[in-house]
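The structure appears right after this line, and notes come after that.
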2 protein chains.
Amino acid sequence: MSGGTTVQHLEVTAPIFAALGDPSRLSIIERLGADGPLPTTRLNGPGSGVTRQGITKHLRVLENAGLVESFRVGRDRLWRLRTEQLVIARGYLDQVSAEWDGRLARLKSLVESGSE
Amino acid sequence: MSGGTTVQHLEVTAPIFAALGDPSRLSIIERLGADGPLPTTRLNGPGSGVTRQGITKHLRVLENAGLVESFRVGRDRLWRLRTEQLVIARGYLDQVSAEWDGRLARLKSLVESGSE
DNA sequence: AAGAGACGCAACCAGGAGGTTGCGCATGGA
DNA sequence: TCCATGCGCAACCTCCTGGTTGCGTCTCTT
């Protein structure tokens with residue numbers, strides 16, 4: 001584990017987490033992950049409790065975060081999941097917890113040996 | 001990989017992502033992960049560009065999300081990272097992207113075989 | 001004992017986020 | 001051709017959030 005393993009920085013990851021940090025948006029992500037590319041209206045439905053415009057806004061946020069992409073087919077706009085950003089976020093979480101686990105181990109051995 | 005692997009639901013994960021979705025807070029998480037338990041003031045410093053109270057607020061948000069915990073030592077309150085929630089969030093991201101990858105593969109084979 | 005350092009609580013403030021409504025424009029189907 | 005459907009754009013509103021200041025309390029140090 002030599003240093004410099006392309007750590008994704010705050011400025012990259014924070015917006016991703018921010019985009020995921022809303023129940024409506026996270027729900028959209030789930031549905032897109034499970035039921036493949038879907039038109040805006042299908043993402044709406046009575047279960048969402050939000051207007052179509054509301055959904056559209058959320059989709060734009062997700063798009064800006066790079067979490068989804070869209071393409072038009074006829075009069076529909078289809079939305080599809082992009083996993084790249086999810087992978088980045090996942091890697092970030094991995095890094096942080098790994099770093100902390102390592103530090104914990106080091107602290108523990110310090111305490112046990114009593115050295116400084 | 002048979003189904004039902006204790007999927008963490010929206011209501012659990014969204015708050016975690018929301019807490020991580022702020023640059024200041026994510027920065028705190030990083031520092032706590034790297035430099036172990038730290039007092040509030042140490043998290044502050046000139047690099048943060050925020051008041052101590054601002055940091056305290058962020059810490060409370062992180063605490064409510066279960067991402068950090070604290071304990072007092074003398075007149076300091078030390079903050080420590082908790083990895084449980086990080087693991088949950090990571091697992092969630094794993095699930096979603098895995099699901100989508102599977103769906104993609106299925107869609108592809110559908111197109112190639114021309115069935116359905 | 002007294003000053004300084006670290007914190008907690010509360011009030012306050014500006015801006016952005018989530019959400020809505022209204023309207024106009026294309027596209028598909030009868 | 002005409003109507004319904006699916007979107008896009010824009011204005012608007014409310015509430016939460018990030019951030020600040022002020023002040024009081026406790027603990028450590030000298």
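The values are calculated or read from the model by the stated rules, or taken from the named source; none is laboratory data. These numbers come from a predicted model, not from an experiment. Quick reminder, even Gly has a Cβ in these numbers, built from the backbone with ideal geometry, and neighbours come from all protein chains shown. SASA here: full protein model, heavy atoms, side chains in, ligands and nucleic acids out. Shrake-Rupley method; radii C 1.70, N 1.55, O 1.52, S 1.80 Å.
Data overview
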| quantity | calculated |
| --- | --- |
| Area of B:ASP94 that stays accessible when all protein chains are in place (1.4 Å probe, Å², to 10) | 50 |
| Among B:GLY36, B:GLY54, B:GLY102: highest mean-square fluctuation, GNM of chain B, C-alpha pairs under 10 Å | B:GLY102 |
| Hits among lysines - C-alpha to C-alpha of B:LYS108 under 21 Å, sequence gap 8 or more where chains match | none |
| Heavy-atom accessible area order for B:ARG77, A:ARG106, largest first, 1.4 Å probe | A:ARG106, B:ARG77 |
| Label point distance in nm, A:THR40-B:THR40, each placed 7 Å from Cα along Cα→Cβ | 4.6 |
| Residues A:VAL87 and A:ARG52, FRET efficiency given R0 of 30 Å [Cβ-Cβ distance, rounded to 0.05] | 0.50 |
| Over the range A:10-82, relative contact order from alpha-carbon pairs under 8 Å, at least 6 apart, % | 36 |
| A:LYS57 accessible area, 1.4 Å probe, all protein chains in place, Å² to nearest 10 | 150 |
| Exercise: per-residue mean of other protein chain Cβ atoms within 10 Å, B:15-25 | 6 |
| Span-like helix ranges in chain A, DSSP H, alpha carbon extent 24 angstrom or more, Kyte mean at least -1.0 | A:84-113 |
| Rg followed by Dmax, in Å, when the range B:46-113 is reduced to its Cα trace | 20.7, 70 |
| q = 0.17 Å⁻¹, the protein assembly as shown: log10 I(q)/I(0) [Debye, one scatterer per Cα] | -1.24 |
| Distance histogram in 5 Å bins (all Cα pairs of the range B:10-82, percent per bin) | 3, 17, 30, 27, 15, 5, 2, 0 |
| Residue among B:GLY33, B:GLY49, B:GLY66 with the largest mean-square fluctuation in a Gaussian network model of chain B, springs linking Cα atoms under 10 Å | B:GLY49 |
| Label-point separation in nm, B:GLU11 to A:SER109, each point 7 Å along Cα→Cβ | 4.4 |
| Chain-alone versus full-assembly comparison, the range B:27-54, residues with accessible loss of at least 40 Å² (1.4 Å probe) | B:GLU30, B:GLY33, B:ALA34 |
| 16 Å reach of a label modelled at B:VAL73, 7 Å along Cα-to-Cβ, counting backbone N of the range B:19-34 | B:32-34 |
| Sum of side-chain charges, B:ARG52 neighbourhood, beta-carbon under 14 Å (Lys, Arg +1; Asp, Glu -1) | +4 |
| Pairwise burial A:B, computed as accessible area of each alone minus the pair, summed, 1.4 Å, Å² | 3000 |
| Accessible solvent surface per residue of the range B:10-82, calculated while the other protein chains remain in place, 1.4 angstrom probe, Å² | 50 |
| Copies compared at A:GLY47 - label distances in nm, ascending, label defined 7 Å from Cα in the Cβ direction | 4.4 |
